[in-house]
């Protein structure tokens, strides 16, 4: 049963980053969060026009846009992510909530980023991981018992079907390419990352979350591939919640003061058990280490 209501929260002391806000549930999350009067709400966007449209949408919806800022980011470009983080550290210097919401579903053909990494692996896992790692010290310095930090990863129920093969992290090797399987793998990585990060920051006044918002009517399949379009559309025909409901399902566990246990997975706003591999500490540590190694190999960290 999805969460039906979202209380009013006072966020005037919070600096928040929300990725993936120009479309879908992220757009509604941005609208809702802006209404809670955050100190600063920074919305990274790859497309400047979409970013400006988002700002106008927030203004026309609730009028709370004075503290909303559109910044440039491209999760398919590791150096661009690093540039964003460096700018944020230098120009803002405090952070209380990081919502890694952006996501991507690939098509029938494997696509690579400019970093020569499979697109879903980079956009859904490695870039959010990088952004989190780069901003973690800033958040540690910003939060306190009275003003706790929150780091969330928008995952998917697809994590149940995911696997972690360290020799082929996103099925980019081999003759058979399954984009939905690769997507499920990255969504499992989100859950594992949230759990491992929760272990790392357990004494830092920071709580981590991974969240399945529901099967939501969005354009997450933006690859332009007809295979991905019809597959995702079929899910919507079978069951598709509104983007507003998806936003509520995602924000409720993060904003609720009752959810203080770190690293938990929430399904439509309710705590659930994820893929059993998410609880494997050895796998979590190895995924973290390999992710760092890939970033080091690319000269990013």
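The values are calculated or read from the model by the stated rules, or taken from the named source; none is laboratory data. It should be emphasised that the depicted structure is a prediction, and the values quoted were computed from it without experimental measurement. Counting neighbours? That spans all protein chains shown, and the Cβs are built from the backbone with ideal geometry, glycine included.
On the given criteria, is residue 10 modelled with pLDDT under 95 and surrounded by fewer than 20 Cβ atoms within 10 Å (Cβ to Cβ)? Reasoning before the result, please.
Values: modelled with pLDDT under 95: yes; surrounded by fewer than 20 Cβ atoms within 10 Å (Cβ to Cβ): yes.
Judged against the criteria, residue 10 is a match.
Against the conditions (1) out of contact with any strand residue (DSSP E or B) (no Cβ under 9 Å at 6 or more places or on another chain); (2) in contact (Cβ under 8 Å) with a residue 60 or more places away in the chain; (3) surrounded by fewer than 20 Cβ atoms within 10 Å (Cβ to Cβ), residue 126 satisfies every one except (3).
Identify, from the list 107, 20, 51, 103, the residue that is modelled with pLDDT under 95, within 26 Å of residue 212 (Cα to Cα) and surrounded by 18 or more Cβ atoms within 10 Å (Cβ to Cβ).
Details: 20 fails: modelled with pLDDT under 95; 51 fails: modelled with pLDDT under 95; 103 fails: modelled with pLDDT under 95.
Selected residue: 107, the only one of 107, 20, 51, 103 that is modelled with pLDDT under 95, within 26 Å of residue 212 (Cα to Cα) and surrounded by 18 or more Cβ atoms within 10 Å (Cβ to Cβ).
Looking only at the stretch 153-180, count how many residues are touching a helix residue (DSSP H, G or I) at 6+ places or on another chain (Cβ under 7 Å), over 19 Å from residue 292 (Cα atoms) and either modelled with pLDDT under 95 or not in a loop (DSSP other than H, G, I, E, B) (or both).
Here is the first cut: in the stretch 153-180, the residues touching a helix residue (DSSP H, G or I) at 6+ places or on another chain (Cβ under 7 Å) are 153-156, 158-159, 161-164, 166, 169-171, 179-180.
With the extra rule that they be over 19 Å from residue 292 (Cα atoms), the set shrinks to 154-156, 158-159, 161-163, 171, 179-180.
Among the residues that remain, those that are also either modelled with pLDDT under 95 or not in a loop (DSSP other than H, G, I, E, B) (or both) are: 154, 158-159, 161, 171, 179-180.
Looking only at that region, the number is 7.
For the stretch 133-167, the candidate set comprises residues that are loosely packed, with under 13 Cβ neighbours inside 10 Å and without any contact (Cβ under 8 Å) to a residue 40 or more places away in the chain; within that set, the residue that is nearest to residue 103 (Cα to Cα) is 165. Take the stretch 58-79 and flag every residue that is out of contact with any helix residue (DSSP H, G or I) (no Cβ under 6 Å at 6 or more places or on another chain), surrounded by 17 or more Cβ atoms within 10 Å (Cβ to Cβ) and in a helix (DSSP H, G or I). Answer for the stretch 58-79, where residues must be out of contact with any helix residue (DSSP H, G or I) (no Cβ under 6 Å at 6 or more places or on another chain), surrounded by 17 or more Cβ atoms within 10 Å (Cβ to Cβ) and in a helix (DSSP H, G or I): just 78.
How many residues, within the stretch 81-99, are surrounded by 17 or more Cβ atoms within 10 Å (Cβ to Cβ) and either without any contact (Cβ under 8 Å) to a residue 60 or more places away in the chain or out of contact with any strand residue (DSSP E or B) (no Cβ under 6 Å at 6 or more places or on another chain) (or both)? The number of residues fulfilling the criteria is 6.
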